[in-house]
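The values are calculated or read from the model by the stated rules, or taken from the named source; none is laboratory data. Please read these numbers as outputs of a predicted model, since none were measured by experiment. Cβ sites come from the backbone with ideal geometry, for glycine too, and all protein chains shown count toward neighbours.
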Amino acid sequence: MTPTVKLRFFPWGECAAPGLFLMRGGGWRTIRQPVLVGLLEHPRAGCWLLDTGLHPHLQEVDWSIRLFARFARMRIPEGLPPTPRLDGVFLSHFHLDHGAGLKALRPELLLTSREGYESSRLGSTSHIGWNQALWPEGQLERTRWLENLPRRSQGPVTGFDLFEDGSVLAVPLPGHCHGQYGLLCQTEAGRVFFVADAVGHSYVLTRGLEQRLPSWIAADRRAEKRTQNWLRNLIHWCWMVPSHCPHSYLALP
Ligand SMILES: [Zn+2]
């Protein structure tokens, strides 16, 4: 039998934008979007942080990040998210609102995409949404690439088997940026799919609202749309948690 994991999400930082910037039909009202991190407990592999959230370190990197933080009306918390001792960190993709805390964390083990890492070194901060100064010194020796893990399927979803027991699969979610992965997790209460930035708000999937701002900056908009259509087919099969949706993490099964 496939083991189950414990999983919860909480905001570690926040952004805000008028709803109609985020999606067609989103309204004029400002939507405050959490920057979520996840805490996953596996019976054998221990405690894992899913993404790191925002971190004050961002303000020191360069002026374009400070400008972006102001534009996105970011609320940056002090320090790192409170966690028990971590056995590792999973980074869904190389965007600064997901990996800003890496340098302060210096994880003993990081699981992330090789494709994502390599793309993160090929452009300016404003173009790729990442800055190499956010990568901790010596981290490559403490990193395992998702692409090297064994492949496995759960129902209609195929991914890389994080703990080699089928409990958590890292699933490619192309479009938003290069090398983005979500995590399909088997929890005691059912299947939970952390989909990172594959979709900016759960209404894009559940109400069919067309996404705007997150798509304007997507690396490949056609691939992003294909990924969203694929996820839409799974909404009755698993519970989805996008990194910036203000609703879905609160109703986690
Ligand atoms: Zn992103």
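Annotations for the structure displayed:
- Within region 234-248, considering residues that are closer than 22 Å to GLY155 by Cβ and in contact (Cβ under 8 Å) with a residue 40 or more places away in the chain, the one farthest from the ligand (Cβ to nearest atom): TRP237
- Residues that are away from the ligand (no atom under 14 Å from the Cβ), outside any helix (DSSP H, G or I) and of a type in the set (A, V, I, L, M) within region 59-117 comprise ILE76, LEU80, LEU86, VAL89, LEU109, LEU110, LEU111, listed in sequence order.
- Residue ID - surrounded by the fewest Cβ atoms within 10 Å (Cβ to Cβ), chosen from residues in region 95-117 that are closer than 21 Å to SER243 by Cβ and among the aliphatic types (A, V, I, L, M): ALA104
- Scanning region 1-50 for residues that are more than 23 Å from VAL204 (Cα to Cα), in a strand (DSSP E or B) and small (Gly, Ala, Ser) yields one hit, GLY46.
- Pair list, Cβ < 8 Å and 6+ apart or interchain, from region 56-82 residues that are among the hydroxyl-bearing types (Ser, Thr, Tyr) to residues that are exposed (fewer than 13 other Cβ atoms within 10 Å of the Cβ): SER64/SER124
- Of note, GLY19 satisfies the criterion of being modelled with pLDDT under 90 and surrounded by fewer than 19 Cβ atoms within 10 Å (Cβ to Cβ).
- For region 198-215, the tally of residues that are touching a Cys at 6+ places or on another chain (Cβ under 6 Å) and modelled with pLDDT under 90 stands at 0.
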